[in-house]
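Enquirer: One structure follows; several queries about it will come next.
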Amino acid sequence: MPRFLALHKPFNVLSSFTDPKGRATLADYVPVPGVYAAGRLDYDSEGLLLLTDDGALIHQLTDPRHEHPKTYLVQLEGLVTEQAAEALRRGVVLRGRRTRPAEAEIIGEPGLPPRPVPVRAYHPTSWLKVVLREGQKRQLRRMTAAVGFPTLRLVRWAIGPLTLEGLAPGEWRELSSAEVTSLGGSS
């Protein structure tokens, strides 16, 4: 029977179960053998990470051809402008290639749990809610920098219809059959 888990990956934790350098990994939080991350979050990013032993679902969630939406809450250095948000909506040229258009909305401070290592005291900062349908390495950080607002904190809030709601950093839970189905998997 396949396993499907939702984890709130904390800041400064690798999206793998081992690390030869001895850094914190998923094994420090999820004592479930045989599951793997469906995608990844950078070491310095936080948020929703799905874990499963269902290879077909991992492929569906990570292959950009499926355009599976991933929602991020992003704290930026400076007061983000509507022009910068519009540039993200059109797509940004990174390394000679235009990204797919993103959904980008300027939001107020979202009330996330504090990070164990606080964001340095940049003043002022602002927040965006961004939905991506592709996932290049450090893409969102490079996109916000390209429009003039470096990312200070990045939290994946949702993958498709699933959100972090109710999970504190480091907590995980099993997905319901209905949640698995909503992601395109079979439970």
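Enquirer: Can you pull out every residue in region 45-64 that is among the acidic types (Asp, Glu) and free of Cβ contacts under 8 Å to residues at least 40 places away in the same chain?
Expert: As a first pass, look at region 45-64 and keep what is among the acidic types (Asp, Glu): 46, 53-54, 63.
Residue satisfying the conditions is ASP63 alone.
Enquirer: From the set of residues in region 13-44 that are modelled with pLDDT under 95, under 21 Å from LEU152 (Cβ atoms) and in contact with a Ser or Thr (Cβ under 7 Å, 6 or more places away or on another chain), which is surrounded by the most Cβ atoms within 10 Å (Cβ to Cβ)?
Expert: For region 13-44, the residue satisfying everything is LEU41.
Enquirer: While we're looking at this one, here's another question. Spot the failing condition for HIS59; the list is (1) outside the structural domain of VAL32 (by TED's automatic domain parsing); (2) at pLDDT below 95; (3) loosely packed, with under 15 Cβ neighbours inside 10 Å, and only one is missed.
Expert: So HIS59 meets the others, but not (1).
Enquirer: Quick test of your reading of the structure: PRO10 fulfils all but one of (1) under 15 Å from the mean Cα position of the chain (by Cα); (2) surrounded by fewer than 17 Cβ atoms within 10 Å (Cβ to Cβ); (3) over 25 Å from ALA178 (Cβ atoms). Name the failing condition by number.
Expert: It is condition (2) that PRO10 fails.
Enquirer: Looking at THR144, THR151, can you tell me which residue is in contact with a Lys or Arg (Cβ under 8 Å, 6 or more places away or on another chain), outside the structural domain of SER16 (by TED's automatic domain parsing) and under 12 Å from VAL74 (Cβ atoms)? First the steps, then the outcome.
Expert: Numbers: THR144 fails: in contact with a Lys or Arg (Cβ under 8 Å, 6 or more places away or on another chain).
It is THR151.
Enquirer: For a quick check of your reading of the model, give me the residue pairs whose first member lies in region 89-117 and is in contact (Cβ under 8 Å) with a residue 12 or more places away in the chain, whose second is surrounded by fewer than 11 Cβ atoms within 10 Å (Cβ to Cβ) and assigned to a loop (DSSP other than H, G, I, E, B), with beta-carbon atoms closer than 9 Å and at least 6 apart or on different chains.
Expert: ARG100/GLU67; PRO113/ALA168
Enquirer: Out of the residues in region 93-121 that are modelled with pLDDT under 95 and among the β-branched types (Val, Ile, Thr), which is nearest to GLY78 (Cα to Cα)?
Expert: VAL119
Enquirer: Another one. Determine which member of the set GLY78, GLY148, GLY135 is touching a residue at least 24 places away in the same chain (Cβ under 8 Å), under 18 Å from ALA37 (Cα atoms) and not charged (D, E, K, R). Can you show your working first?
Expert: Numbers: GLY78 fails: under 18 Å from ALA37 (Cα atoms); GLY148 fails: under 18 Å from ALA37 (Cα atoms).
Exactly one of GLY78, GLY148, GLY135 is touching a residue at least 24 places away in the same chain (Cβ under 8 Å), under 18 Å from ALA37 (Cα atoms) and not charged (D, E, K, R), namely GLY135.
Enquirer: With ALA145, ALA121, ALA104 as the choices, which residue is more than 26 Å from PHE17 (Cα to Cα), more than 14 Å from the chain's Cα centre (by Cα) and crowded, with 18+ Cβ neighbours inside 10 Å? First the steps, then the outcome.
Expert: Working: ALA145 fails: crowded, with 18+ Cβ neighbours inside 10 Å; ALA121 fails: crowded, with 18+ Cβ neighbours inside 10 Å.
Selected residue: ALA104, the only one of ALA145, ALA121, ALA104 that is more than 26 Å from PHE17 (Cα to Cα), more than 14 Å from the chain's Cα centre (by Cα) and crowded, with 18+ Cβ neighbours inside 10 Å.
Enquirer: For region 1-57, which positions are touching a helix residue (DSSP H, G or I) at 6+ places or on another chain (Cβ under 9 Å) and assigned to a strand (DSSP E or B)?
Expert: PHE4, ALA6, LEU7, LYS9, TYR36, ALA37, LEU49, LEU50, LEU51, THR52
Enquirer: Residue by residue through region 112-156, note down the ones that are within 13 Å of SER45 (Cα to Cα) and assigned to a helix (DSSP H, G or I).
Expert: Across region 112-156, the qualifying residues are GLN139, LEU140, ARG141.
The values are calculated or read from the model by the stated rules, or taken from the named source; none is laboratory data. In this text the structure is predicted, and so the values were computed from the model without any measurement. Virtual Cβ from ideal backbone geometry, glycine too; neighbours counted across all protein chains shown.
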